[in-house]
1. Of the conditions (1) surrounded by 14 or more Cβ atoms within 10 Å (Cβ to Cβ); (2) under 17 Å from Leu94 (Cα atoms); (3) in contact with a Ser or Thr (Cβ under 8 Å, 6 or more places away or on another chain); (4) not polar (S, T, N, Q), Ala6 satisfies every one except a single condition; which number is it?
2. Just to be sure I understand the filter: pairs with C-beta atoms under 6 Å, separated by 6 or more residues or on different chains, first member in the range 34-46 and under 13 Å from Ser96 (Cβ atoms) and in contact (Cβ under 8 Å) with a residue 24 or more places away in the chain, second member part of a helix (DSSP H, G or I) and not hydrophobic (A, V, I, L, M, F, W, C). Which pairs pass?
3. Here are the criteria: (1) more than 22 Å from Gly1 (Cα to Cα); (2) free of Cβ contacts under 8 Å to residues at least 60 places away in the same chain; (3) among the small types (Gly, Ala, Ser). Tell me which single one Gly16 does not satisfy.
4. Can you tell me which residue is nearest to Ala97 (Cα to Cα) among those in the range 10-33 that are touching a strand residue (DSSP E or B) at 6+ places or on another chain (Cβ under 9 Å), of a type in the set (Ser, Thr, Tyr) and assigned to a loop (DSSP other than H, G, I, E, B)?
5. Please pick out the residue among Leu57, Leu72, Leu44, Leu95 that is under 18 Å from Val10 (Cα atoms) and in contact with a helix residue (DSSP H, G or I) (Cβ under 7 Å, 6 or more places away or on another chain).
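Every number in this text was worked out from the coordinates using simple rules, so none of it is lab data. Small disclaimer: the values here were computed from a predicted structure and weren't measured. Cβ sites come from the backbone with ideal geometry, for glycine too, and all protein chains shown count toward neighbours.
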Amino acid sequence: GENPKATSQVKVHYRGRKIDGSVFDQSYEGDAPAESDQPIEFGLNQVIKGWTEGLQLMKPGAHYRLFIPSDLAYGANAPPSIGAHQVLVFEVYLLSAE
């Protein structure tokens, strides 16, 4: 498949952690996504900049670990569950891109 563009609709599984390893969000429970886990679908232009940039490097079927600096994540405007100015680490499995 083709690499997604900044305007693509993508379907992914992901797990988001703070740099200390604590999980703040995920689409799967086990070590890796299972058949029963529900993937997440969104437009690449509707998410943090680090995802928009990072996912364009991936091909469908790829699994990346993205280290996203605060200025490409939430910066000072992070949700309370994350906290301001955090480096974020995402395990991302790109299932499809349209």
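1. All conditions pass for Ala6, except number (1).
2. Here the result reads Leu44/Thr52, each pair linking the range 34-46 to a residue that is part of a helix (DSSP H, G or I) and not hydrophobic (A, V, I, L, M, F, W, C).
3. The failed condition is (2).
4. From the range 10-33, those touching a strand residue (DSSP E or B) at 6+ places or on another chain (Cβ under 9 Å) are 10-19, 21, 23-28, 32-33; that's our starting set.
Retained after the next criterion (residues that are of a type in the set (Ser, Thr, Tyr)): 14, 27-28.
Those still in the list that are assigned to a loop (DSSP other than H, G, I, E, B) too: 27-28.
Details: Ser27: 17, Tyr28: 19 Å.
Here the answer is Ser27.
5. Numbers: Leu57 fails: in contact with a helix residue (DSSP H, G or I) (Cβ under 7 Å, 6 or more places away or on another chain); Leu72 fails: under 18 Å from Val10 (Cα atoms); Leu95 fails: in contact with a helix residue (DSSP H, G or I) (Cβ under 7 Å, 6 or more places away or on another chain).
The conditions single out Leu44.
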